[in-house]
Amino acid sequence: MTRITTGMAMAAGLGTRMRPLTLDRPKALVEVGGKALLDHALDRFAAAGLSRAVVNIHHFADLMRAHLSARSGAPEIHISDETDALLETGGGLVKAQPLLGEAPVIISNIDAIWQEGGTPELDRLKAAWKGERMDALLLLAPMNAALGFDGAGDFFLEDTGQIRRRGDAKTAPFAYAGTQILNPAVLADYKAEPFSTNQIWDDLLAKGRVYGLAMDAFWMHVGDPTARDEAEARLG
């Protein structure tokens, strides 16, 4: 098994859909189940044995720095500062590349939380990583075991473990669960400018280098106040 020691929490978003909860704080510091969304991600990293975590910041940067400095224990925090310009998910990864190192990295959106269904999902993800044939391994939520996702599904999962986009189909059985393992070497082909991670995936999909892993856990996308309340109720 490849040793994975670094994670990245994608925490720089403006959180406009989460208003009014984000009028005085970043989305990353909105609490669910008595814990900030950011801490859900960082605590999962620690439980999975990750010793380092990169966190990108933009909105309410001073609050983010104060919150992160008050944490203790694993993982060790490194900040990727996007206060000058918000770079979206793809550009944020490129800017953070010098902090990520050369080994595969677990990347998680802070608005993705779940209730474990047995073996922790990050442990399952690490065990499924095969770097000789993968550059990205996406955690996928079955659409019938998800909360707060209002789309028609993102991907189909093939018998080979590779994934393909919904394309022209009306629905797809899996949503991207906001967490992946990525080979950071692929980021060298891009610039630190605003763009979506979807561009990276599309380039890798064309090469057959993107795989998926279906979750055992119930997944919650905490993207707005209603989803936050529903997640609170489920966790409570």
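The values are calculated or read from the model by the stated rules, or taken from the named source; none is laboratory data. Owing to the predicted nature of the structure, the values given are computational and were not obtained by experimental measurement. Every residue, glycine as well, gets a Cβ built from its backbone with ideal geometry; the counts of neighbours run over all protein chains shown.
Looking only at residues that are in contact with a His (Cβ under 7 Å, 6 or more places away or on another chain) and of a type outside the set (Val, Ile, Thr) in segment 106-135, which one is surrounded by the fewest Cβ atoms within 10 Å (Cβ to Cβ)?
Pass one, segment 106-135, residues in contact with a His (Cβ under 7 Å, 6 or more places away or on another chain): 111-113.
Now restrict to residues that are of a type outside the set (Val, Ile, Thr): 111-112.
Working: Asp111: 28, Ala112: 24.
Looking at the filtered set, the residue picked out is Ala112.
Name every residue in segment 50-78 that is in contact with a Leu (Cβ under 9 Å, 6 or more places away or on another chain) and surrounded by fewer than 19 Cβ atoms within 10 Å (Cβ to Cβ), in order of residue number. Break it down into steps so the answer makes sense when it comes.
Filtering segment 50-78 for residues in contact with a Leu (Cβ under 9 Å, 6 or more places away or on another chain) gives 50, 52-60, 63-64, 67-68, 71, 74-75, 77-78.
Within segment 50-78, Arg52, Leu63, Arg71, Ala74, Ile77, His78 qualify.
Considering each residue of segment 35-48, count those that are exposed (fewer than 15 other Cβ atoms within 10 Å of the Cβ) and in contact (Cβ under 8 Å) with a residue 12 or more places away in the chain, and give that number.
Here is the first cut: in segment 35-48, the residues exposed (fewer than 15 other Cβ atoms within 10 Å of the Cβ) are 35, 47.
Adding the requirement that they be in contact (Cβ under 8 Å) with a residue 12 or more places away in the chain leaves 47.
Residues flagged as exposed (fewer than 15 other Cβ atoms within 10 Å of the Cβ) and in contact (Cβ under 8 Å) with a residue 12 or more places away in the chain within segment 35-48 amount to 1.
Given the criteria part of a loop (DSSP other than H, G, I, E, B), surrounded by fewer than 22 Cβ atoms within 10 Å (Cβ to Cβ), at pLDDT 95 or above and not aromatic (Phe, Trp, Tyr), does Ala103 qualify? I'd like the intermediate steps shown before the answer.
Details: part of a loop (DSSP other than H, G, I, E, B): yes; surrounded by fewer than 22 Cβ atoms within 10 Å (Cβ to Cβ): yes; at pLDDT 95 or above: yes; not aromatic (Phe, Trp, Tyr): yes.
In short, yes.
Could you please let me know if Leu21 is over 19 Å from Ser108 (Cα atoms), surrounded by 15 or more Cβ atoms within 10 Å (Cβ to Cβ) and either at pLDDT below 95 or within 20 Å of the chain's Cα centre (by Cα) (or both)?
The answer is yes for Leu21.
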